[in-house]
1. Exactly one of these conditions fails for A:Leu222: (1) in contact with an Asp or Glu (Cβ under 7 Å, 6 or more places away or on another chain); (2) assigned to a helix (DSSP H, G or I). Give me its number.
2. Could you check region A:35-50 and list, in sequence order, the residues that are exposed (fewer than 14 other Cβ atoms within 10 Å of the Cβ) and small (Gly, Ala, Ser)?
3. Within region B:100-115, track down each residue that is part of a helix (DSSP H, G or I) and either closer than 17 Å to A:Ala178 by Cβ or more than 8 Å from every other protein chain (Cβ to nearest Cβ) (or both).
4. Note down all Cβ pairs under 6 Å where the first residue falls in region B:32-56 and is surrounded by 11 or more Cβ atoms within 10 Å (Cβ to Cβ), the second is assigned to a helix (DSSP H, G or I) and small (Gly, Ala, Ser), and they're at least six residues apart or on different chains.
5. Test A:Gly137 against the stated conditions and say whether it is more than 21 Å from the chain's Cα centre (by Cα), within 26 Å of A:His79 (Cα to Cα), within 13 Å of another protein chain (Cβ to nearest Cβ) and among the small types (Gly, Ala, Ser).
6. Restricting the first residue to region B:155-171 and requiring it to be on the phi > 0 side of the Ramachandran plot and modelled with pLDDT of 85 or more, which pairs with a second residue that is crowded, with 19+ Cβ neighbours inside 10 Å and of a type in the set (Phe, Trp, Tyr) meet a Cβ separation below 8 Å and a spacing of at least six or different chains?
7. Exactly one of these conditions fails for A:Glu210: (1) in contact with a Phe, Trp or Tyr (Cβ under 6 Å, 6 or more places away or on another chain); (2) closer than 26 Å to B:Ala199 by Cβ. Give me its number.
8. If you scan region A:250-271, which residues turn out to be touching a residue at least 24 places away in the same chain (Cβ under 8 Å), within 13 Å of B:Leu153 (Cα to Cα) and of a type outside the set (Gly, Ala, Ser)?
Amino acid sequence: MIERLANLDRRFIFLLLVLCISYGLLFPKPLKISIDPPVKAAYDTISQLQPGDKVILSFDYGPSVMPELQPAALAILRHCFMKKADVILMTLWNEGLPMMSDAIASVAIPMGEKVNQDYVDLGFKWGGVTGSSVIEGLGSDIKSVFPNTNGGSPYDRVPLLKGVKNFKDIKLLISFTAGNPGVDEYIQYANARYHLPIVGVVTKVTAPKEFPFLNSGQLSGLVAGLVGGAEYEELIDHPGFGLAGLFALSTAQVTIILFILAANVLQFFAGRKKSK
Amino acid sequence: MRRQLPLLVLFFSGMTMLVDYFFPETPLIHGTREVFLNWGRIALTFAMILGVMNLLISNLKKVFLQQSGWMYNMILLLSFGITFWYSVPFHFVKSGEYFSMIKGTDAGSTGFNIFMNVYTPLSSTMFSLVAFFIASAAFRAFRAKNIEATLLLGSAILVMLGSIPLGNSLYDRFHLATWFGSHNLSWVANFIQDVPMSASQRAINLGVAVGIISMSMKILLGIDRSYFGEGES
């Protein structure tokens, strides 16, 4: 019996996980959220922005991680607009363009923000896997990398970009990252060379990689995964998909932990039976 | 000459970037660097076109020769064609004193809808499958077989539970706070990530950085020519 349980068909595990996630999504329960210090640091950094400060938001992710990163992206974009910052949107990923369009449609337009005045969409520029030619280019002359906005307006005729030449005119860069190029490359090129403050928004899986940069001060804040997005929504007091999906995520994670514990208990009893 | 010229270009462009990093105020070097960066971006754009051409040619070949699985190549070509047809066209409209470009990838367009309603759910589904394989693999492989594995297991469970609010609720419910001097489970998870994990990650990063410096110098000086399709000289 113990051996049969220890070699449980994986389809049964899949089924249990589906049931737990479905329960979490269908019957969400409010959970008490504690704000992690890296998320609070990101929130504090953005809170210090003054009206008219220029902020670059780089959407370096694709649809595969959209459920994980989009809640944080929307909450942070909303926070930037609440602080009346001038938002410059761009992406190093071709898949990032629709993510950006979705963020504009979900946040900028409902908040009544005007294109080229309150925010500007610079679009996509491919800089290779390291993104170096684009990031280095932005450091010396943004116009040389993006001569036109994504909507076709020439750089010089965009009111928001008046007086913006390079990273020296940018107050903060926020990178929503699911891989390379992304926040790692911004740290290497934009922070190390031009000392531009950077906030990273990453998937939960890649977050451990960023902790050394957070401790060294190269990252001013770190928002990781759906949980980070939910915490940010809580901080700006604007509930969205992050908070809605948190219970489902919690149930799934607890289920996986229970599987691990069950497997170890079964192994313990199987070992005792064998030694007898 | 076929070998010397690319080596010379590589050495000159690489050294320009390197010198500019340390002497950014030198106009000649900075100007040359700007030119190289522009060339880099243009070359990368053409590389993307080359990639698309390669994809099309190899798939068309398989369809015409009816090689095994040619139906999948056909589906890829059809999907590519439909997405391209709806996403690429653009036109200009006058808004105020400016002209705006309306593209097939803008929000609300057919190209955008194809992306958001077909590609996005498919892509998210593929990524979500990882959770199921993690659950299955964790059940089979994550066992406390020795001290090291037990330590790994313990810290993993603490980090996993500390990362979700439900973990903190369970922690409070069973009054476990006294174990960690009244800190909550998030604090414990953050401590593990902040101190032991961050230290080891930093060590790995430093090792990788030293490796990259050595590799870059070998490439810049022409010692490693593997990118030519040959081994070290």
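The values are calculated or read from the model by the stated rules, or taken from the named source; none is laboratory data. On a predicted model such as this, the values are computed, not experimentally measured, just so you know. Note that each Cβ is placed from the backbone with ideal geometry, even for glycine, and that neighbours are counted across all protein chains shown.
1. Result: A:Leu222 fails condition (2) only.
2. Across region A:35-50, the qualifying residue is only A:Ser47.
3. B:Thr110, B:Gly111, B:Asn113, B:Ile114, B:Phe115
4. B:Phe36/B:Ser13; B:Leu37/A:Ser133; B:Leu37/A:Gly137; B:Gly40/A:Ser133; B:Arg41/A:Ser133
5. It is false that A:Gly137 is more than 21 Å from the chain's Cα centre (by Cα), within 26 Å of A:His79 (Cα to Cα), within 13 Å of another protein chain (Cβ to nearest Cβ) and among the small types (Gly, Ala, Ser).
6. Listed by first residue and then by second, the contacts come to nothing, as the list is empty.
7. Unmet condition: (1).
8. If the condition is that a residue be touching a residue at least 24 places away in the same chain (Cβ under 8 Å), within 13 Å of B:Leu153 (Cα to Cα) and of a type outside the set (Gly, Ala, Ser), then A:Ile256, A:Phe259 are the ones that fit.
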